[in-house]
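Asker: Sending over a structure as structure tokens; questions will come in a sec.
The values are calculated or read from the model by the stated rules, or taken from the named source; none is laboratory data. Keep in mind the model is a prediction, meaning the values are calculated, not measured. Backbone-built Cβ (ideal geometry, glycine too); neighbour counts: all protein chains shown. Accessible surface is based on the protein model in full, side chains and every heavy atom, while ligands, DNA and RNA are left aside. Shrake-Rupley method; radii C 1.70, N 1.55, O 1.52, S 1.80 Å.
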Amino acid sequence: MKIEKIELRRVCLPLVTPFRTSFGTSTERETTIVRVVTADAEGWAESAAEPEPLYGPEFLDGADLVIRDHLIPRLRAEGEALTAERVGPALAAVTGHPMSKAVLETAILDAQLKASGVSFGQYLGAVRDRVPAGVSVGIMDSIDELLAAVAGYLDEGYLRIKLKIEPGWDIEPVRAVRERFGDEMLLQVDANTAYTLADARHLARLDPFDLLLMEQPMAADDLLGHARLAQVISTPICLDESIESARDAASAIALGACSVINVKPARVGGYLEARRIHDVAAAHGIPVWCGGMLETGIGRAANVALAALPNFVMPGDTSASSRYYEQDLTAPFVLDGGHLEVPTGPGIGVEVLPDVLAQVTVSMTEIAF
Ligand code: NPQ
Ligand code: MG
């Protein structure tokens, strides 16, 4: 592949409603969109990095610098032999920075697939043409506010609700949602690392509510703690922040630290490693689901394709565009009977709306290749 240039575009989009998790509140989504221009096609991808290093150690200004000064030069050194499959090996010498590696690999993969007329779904091995949609519900100021938000999402057709929890906002919100909406609804929680093993007895109080899973209760590097917690609580443990590679997935499974995995391509360095995690989990009989990072249509399109692989057997945080944005950067993803359609066009299968992109662009760096 002959790359002509790479654009890094910083964008900032307002969120339809503030999103509060155990690590903070977001009212807007600022991120970097990458455009790779080749002789045959252009590829698009969206970083999952945020302005501050809260979810993980990467943050936008650092990520832009790493992409420009450490990753792109290594891709350039590959010359025309560069393909999406060679991005990972070419960048392997750089430690960490999975989100930055992922956004480059994904944009290059989009260009490559567009040039050959293959969709992300076909390339990755999708076996479904639509995927069930779940929704992630932030921490609220009151139970009434939470119940109103959940009622709204259920009315829209979401098939699974995920409640963000933290110490002080866990048992009561789960109890209130179960009491109001019943035992049939698919319900799970996400702590984003807010607890320690000292909270095991407290977290066991969620057992009676028949949750699908409890996501990342403890620190990302605490695999042993999660294995111990799994001995104390009956709710299945799902790991998110802890899993940065297929090797991490194999270790966590072998240790008994999780019985479900949230796969986020951005967190693991891209769609190729995400698929390897899918495969490792499948080989162990561990179900996976596709997480989300408040993606615009650019990132959402590829996630929906990944979520159509065979072992993605639980609804993901693959929500409609309207969950986060009034105006998306692509034609909006809309719920149809609680499902999102997997795009079938070449590459990510959606087109970026140039006028909208221009409106939300804060700055742009062009890098000749
Ligand atoms: C999770 N996402 O599963 C995350 C984390 C998360 C959909 O719950 C700005 C950008 C704010 C990305 C807050 C969902 C965010 C963010 C939380 C990602 O853990
Ligand atoms: Mg999570």
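Asker: Which of (1) touching a Cys at 6+ places or on another chain (Cβ under 8 Å); (2) surrounded by fewer than 18 Cβ atoms within 10 Å (Cβ to Cβ) does Gln188 not meet, given it meets every other one?
Answerer: If we test Gln188 against (1) touching a Cys at 6+ places or on another chain (Cβ under 8 Å); (2) surrounded by fewer than 18 Cβ atoms within 10 Å (Cβ to Cβ), just (2) comes out false.
Residues are listed down the side, and each one gets a yes or a no for (1) over 25 Å from the mean Cα position of the chain (by Cα); (2) in contact (Cβ under 8 Å) with a residue 60 or more places away in the chain; (3) open to solvent by 30 Å² or more (accessible area, probe 1.4 Å):
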| position | (1), (2), (3) |
| --- | --- |
| Leu197 | yes, no, yes |
| His202 | yes, no, yes |
| Arg205 | yes, no, yes |
| Asp210 | no, no, yes |
| Ala227 | no, no, no |
| Gln231 | yes, no, yes |
| Cys238 | no, no, no |
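Asker: From the list Arg300, Arg275, Arg267, which one is within 17 Å of Leu13 (Cβ to Cβ) and in the same structural domain as Arg128 (by TED's automatic domain parsing)? Give the derivation first.
Answerer: On the way: Arg275 fails: within 17 Å of Leu13 (Cβ to Cβ); Arg267 fails: within 17 Å of Leu13 (Cβ to Cβ).
It is Arg300.
Asker: Next question, about the same structure. Within the group Pro51, Pro57, Pro73, which residue is assigned to a loop (DSSP other than H, G, I, E, B), open to solvent by 20 Å² or more (accessible area, probe 1.4 Å) and out of contact with any helix residue (DSSP H, G or I) (no Cβ under 9 Å at 6 or more places or on another chain)? If you could, list the steps in order and put the result at the bottom.
Answerer: Numbers: Pro51 fails: out of contact with any helix residue (DSSP H, G or I) (no Cβ under 9 Å at 6 or more places or on another chain); Pro73 fails: assigned to a loop (DSSP other than H, G, I, E, B).
None of the other options fit; the residue is Pro57.
Asker: Those residues that are touching a strand residue (DSSP E or B) at 6+ places or on another chain (Cβ under 6 Å), open to solvent by 10 Å² or more (accessible area, probe 1.4 Å) and not in a loop (DSSP other than H, G, I, E, B), I need them from the range 324-340; list them, please.
Answerer: Residue satisfying the conditions is His339 alone.
Asker: Then there's this: Across the range 345-363, what is the total count of residues that are open to solvent by less than 20 Å² (accessible area, probe 1.4 Å) and touching a Phe, Trp or Tyr at 6+ places or on another chain (Cβ under 7 Å)?
Answerer: Number satisfying all stated conditions: 2.
Asker: Can you tell which of Leu213, Leu224 is of a type in the set (A, V, I, L, M, F, W, C) and under 20 Å from Ser319 (Cβ atoms)? Lay out the reasoning, then the answer.
Answerer: Working: Leu224 fails: under 20 Å from Ser319 (Cβ atoms).
One residue alone meets the criteria, Leu213.
Asker: For the range 311-323, what are the residues that are among the β-branched types (Val, Ile, Thr) and open to solvent by less than 70 Å² (accessible area, probe 1.4 Å)? Reasoning before the result, please.
Answerer: Of the residues in the range 311-323, the ones among the β-branched types (Val, Ile, Thr) are 313, 318.
Hit for the range 311-323 is Thr318, nothing else.
Asker: Which of the residues spanning the range 237-256 are closer than 18 Å to Asp210 by Cβ and touching a helix residue (DSSP H, G or I) at 6+ places or on another chain (Cβ under 8 Å)?
Answerer: Of all residues in the range 237-256, those closer than 18 Å to Asp210 by Cβ come to 237-238.
Within the range 237-256, Ile237 is the sole residue that qualifies.
Asker: Scan the range 157-166 for residues that are open to solvent by 30 Å² or more (accessible area, probe 1.4 Å) and out of contact with any Ser or Thr (no Cβ under 8 Å at 6 or more places or on another chain) and jot them down.
Answerer: Within the range 157-166, the subset open to solvent by 30 Å² or more (accessible area, probe 1.4 Å) is 159, 166.
Listed by number, the list holds a single entry, Leu159.
Asker: Residue under question is Tyr123, and the condition is that it be within 16 Å of ligand 2 (Cβ to nearest atom), surrounded by 17 or more Cβ atoms within 10 Å (Cβ to Cβ) and aromatic (Phe, Trp, Tyr); does it hold?
Answerer: Numbers: within 16 Å of ligand 2 (Cβ to nearest atom): no; surrounded by 17 or more Cβ atoms within 10 Å (Cβ to Cβ): yes; aromatic (Phe, Trp, Tyr): yes.
Considered against the rule, which asks whether it is within 16 Å of ligand 2 (Cβ to nearest atom), surrounded by 17 or more Cβ atoms within 10 Å (Cβ to Cβ) and aromatic (Phe, Trp, Tyr), Tyr123 comes out as no.
Asker: If you don't mind, there's one more thing I want to ask. Condition check: surrounded by fewer than 18 Cβ atoms within 10 Å (Cβ to Cβ), β-branched (Val, Ile, Thr) and either assigned by TED's automatic domain parsing to the domain that holds Ala219 or touching a helix residue (DSSP H, G or I) at 6+ places or on another chain (Cβ under 8 Å) (or both). Does Val103 satisfy that? Break it down into steps so the answer makes sense when it comes.
Answerer: Numbers: surrounded by fewer than 18 Cβ atoms within 10 Å (Cβ to Cβ): no; β-branched (Val, Ile, Thr): yes; either assigned by TED's automatic domain parsing to the domain that holds Ala219 or touching a helix residue (DSSP H, G or I) at 6+ places or on another chain (Cβ under 8 Å) (or both): yes.
Spelling it out, it is not the case that Val103 is surrounded by fewer than 18 Cβ atoms within 10 Å (Cβ to Cβ), β-branched (Val, Ile, Thr) and either assigned by TED's automatic domain parsing to the domain that holds Ala219 or touching a helix residue (DSSP H, G or I) at 6+ places or on another chain (Cβ under 8 Å) (or both).
Let's see how each residue does on (1) under 22 Å from Leu186 (Cα atoms); (2) surrounded by 22 or more Cβ atoms within 10 Å (Cβ to Cβ):
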{"site": "Ser234", "(1), (2)": "yes, no"}
{"site": "Arg247", "(1), (2)": "no, no"}
{"site": "Pro265", "(1), (2)": "no, yes"}
{"site": "Ala281", "(1), (2)": "yes, yes"}
{"site": "Gly285", "(1), (2)": "yes, no"}
{"site": "Val304", "(1), (2)": "yes, yes"}
